[in-house]
């Protein structure tokens, strides 16, 4: 489990602030960019999330942001996530879609290791749901594996009404 997920309660205040533009926040770390105009409303609450998949060897070669609300869509996405594994493909984790929604982010195929994607938090209010996604790339001085990778992360969150909006952040890891 990633470091940030172990401190989810601390994100209640941090994620909305992290979604501000660089102009709105003076403390944007060097090497990190945030999209202009994407903000989570101040009244949005952090939802508990459960990680269902987090890895760099997915079978999905393009960058995607996905919301899954049915068993059939979940089964199809899970199979695509594990494409190429044949009989080694694990069964998808069970999800009660009457109570939960699955959100996923994929980074696309990368030429080396050192790339990552993470869902930092899922927030909601009466107007919708916001999913904070962070894409990390290795800096120039980083030593990385020379192999194709395809980072992906999939989480389950409580079902909420309204549209789902993904807010992407990117950072370059300084090695």
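Laboratory data are not the source of any read-out in this text; all were calculated from the coordinates shown. Predicted, not measured: the structure shown is a model, and the values here were computed from it. Neighbour counts run over all protein chains shown; Cβ positions are idealised from the backbone, glycine included.
Each of residue 99 and residue 51 was given a label point 7 Å from its Cα along the Cα-to-Cβ line. The distance between the two points is 2.3 nm. Going by neighbour counts of Cβ atoms within 10 Å, the residues 145, 51 line up, fewest first, as 145, 51. Altogether, the Stokes-Einstein calculation at 25 °C and 0.890 mPa s, with the Kirkwood radius of the stretch 67-175 over Cα pairs as Rh, returns a diffusion coefficient of 158 µm²/s. Here each label is just a point 7 Å from Cα along the line to Cβ, and for residue 125 and residue 67 those points are 1.7 nm apart.
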